[in-house]
Amino acid sequence: MGRINLQTLNHLAGSFRANAFFRNVGWLTGSMLLSRVLRLAITVVVARAFSTEDYGQIALIFTAHEIITLFMQRCTQVKLVQAPLEALAALCKTTYSLNWLLGLGLLLAQCVTGFIIATVYDAPDLWLPIALLGLCHLLMPIGMVHAALNVRQSKLKLVAKIEVSQTFFEAVGVLLLIASGLGIWALVIPKLFAPLVWVFGHRSQCPWRFDRQQAGTDWRSILRYSGNLLVVDGMQVIRQNLDYLLVGHFLGLEALGLYFFAFNAGLGIATTFANAINSAFLPHLCNADSHDAASARAGRYHNGIRMIGIVVGGTVVAQAAAAPFYVPLVFGEKWEAAGSIPLIVILCLTALPKTMFESSSQFLRAVDQPKLDLQCHLKLTVLLVIGLILTVPFGLTAIALSILATYTLGALLMLLICRRVSQLPATIVMA
């Protein structure tokens with residue numbers, strides 16, 4: 001019996017080593033866990049150094065930044081990961097130019113967004129940090145094509161190392177500046193310079209350089225492909241940040257600070273696994289280049305979803321159960337007294353259906369179904385907006401429950417849609 005168990009374990013270990021997806025998820029999970037430890041250190045220090053109202057101001061600053069940054073992260077990169085090899089060189093040249101135009105546009109958009117937030121929330125001091133963070137958008141185009149090519153080649157061990165290095169740089173900077181008494185600026189200044197680590201890391205490990213002699217491609221084809229993804233990203237921005245904006249506007253900065261803390265403390269480890277899986281999932285699906293690629297991608301999708309249910313589901317349950325113990329111990333009893341634990345438990349449980357939905361979205365992109373992906377995101381966003389508007393008068397717990405219920409329903413519907421798509425003939429799926 002022991003011999004059989006040993007052979008079984010050896011077989012499983014060999015399969016794990018041979019499976020590129022599991023290896024990539026392992027590297028990304030390890031790096032994100034280390035990054036999470038560093039960010040947890042920041043969260044602990046900030047939770048003990050700032051009041052809930054300060055937390056509310058921090059939430060508004062970084063919500064404005066994240067709203068704009070999400071457009072930069074994936075708008076043109078996904079096409080490079082998904083594109084056929086023969087079209088790649090021309091796509092890279094055109095995408096590089098588009099990234100610079102996008103960066104300039106997003107810088108202006110963030111300045112305008114900062115002015116609107118400072119005016120609506122009657123907090124004029126917030127405009128300058130929000131506007132300065134917009135300078136990050138002029139750094140990202142330097143390395144965006146290189147980052148996409150590294151992901152395309154499944155160099156996710158490299159991606160993991162770069163992410164950890166960037167987070168380490170940012171965390172050390174934050175802790176040093178907090179100790180120096182710079183207040184909220186201690187969080188803003190390191191965030192402004194941390195992208196330099198990301199840019200240097202990806203450029204140093206990718207030989208591609210902009211070549212004026214290389215023929216480009218029709219930029220409209222890139223935007224047509226990215227157009228649906230841009231709308232999808234816009235809806236993701238709404239889903240990730242609308243609750244912050246509504247809570248801050250209707251319930252005040254102190255309530256927003258408590259809610260923002262609950263997200264940071266509750267979606268920590270579970271989100272780490274989720275982000276690792278989703279980062280590895282698209283290149284894993286797109287690399288299924290067999291004679292029956294559509295069928296291979298469907299098989300990889302179903303295996304990945306099963307892994308998500310086991311890994312993320314187990315992590316979510318464990319973290320939610322531990323919340324009453326680690327919150328007062330790690331962050332301080334003032335957060336327990338403020339009523340953060342029920343919020344943390346509910347928001348933590350949201351990680352599983354949210355990951356299921358987003359991973360299924362990667363599958364629809366891999367099989368070239370961006371319109372169907374867009375429709376699914378649109379329906380989820382409408383449901384979430386309705387739920388938030390209806391529940392915001394009833395307080396933070398009602399808002400958190402509506403988010404959990406919406407993502408659970410959205411994940412179930414998305415799983416059914418992807419199951420139907422994966423059973424279609426390849427000629428229909430790729431049409």
Roughly to the nearest percent, how much of the accessible area of region 316-402 is carbon and sulfur, given a 1.4 Å probe? 75
Can you list the HN-Hα couplings for region 116-130, worked out from phi with the Karplus curve (6.51, -1.76, 1.60; θ = phi - 60°), rounded to whole Hz and with x for Gly and Pro? 5, 5, 4, 6, 5, 8, 6, 9, x, 5, 7, 5, 4, x, 5
With GLY313 itself left out, Lys, Arg at +1 and Asp, Glu at -1 over residues whose Cβ is under 13 Å from its Cβ give +2
Surrounding charge for LEU177, neighbours by C-beta under 15 angstrom, Lys/Arg +1, Asp/Glu -1, total -1
So how exposed is LEU149, as accessible area in Å² (1.4 Å probe, rounded to 10)? 10
How many Å² of accessible area per residue for region 303-431, probe 1.4 Å? 44
Step through the residues of region 86-96 one at a time and calculate ³J(HN,Hα) from phi using the Karplus curve (6.51 cos²θ - 1.76 cosθ + 1.60, θ = phi - 60°), rounding each to whole Hz and writing x for Gly and Pro. 5, 9, 5, 4, 5, 5, 4, 5, 5, 5, 4
Which of LYS93/LYS155; LYS79/LYS354; LYS161/LYS371; LYS191/LYS379 have a Cα-Cα distance over 27 Å? LYS161/LYS371; LYS191/LYS379
Which ³J(HN,Hα) values in Hz, rounded to whole numbers, follow from the phi angles of region 59-68 under the Karplus curve 6.51 cos²θ - 1.76 cosθ + 1.60, where θ = phi - 60° and Gly and Pro get x? 4, 5, 4, 7, 5, 4, 5, 5, 4, 7
Accessible carbon and sulfur surface of region 89-162 relative to its total accessible area, %, 1.4 Å: 76
Over what distance in Å are the Cα centres of region 334-413 and region 192-223 separated? 33
Please compute the per residue accessible area over region 136-250 with all protein chains in place, 1.4 Å probe, rounded to a whole number of Å². 46
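The values are calculated or read from the model by the stated rules, or taken from the named source; none is laboratory data. Only a predicted model underlies this, so the values are computations on that prediction, with no experimental measurement involved. Please note: Cβ atoms are built from the backbone with ideal geometry, for glycine as well, and neighbour counts cover all protein chains shown. The area values use the complete protein model at the heavy-atom level, side chains included, leaving out ligands, DNA and RNA. Shrake-Rupley method; radii C 1.70, N 1.55, O 1.52, S 1.80 Å.
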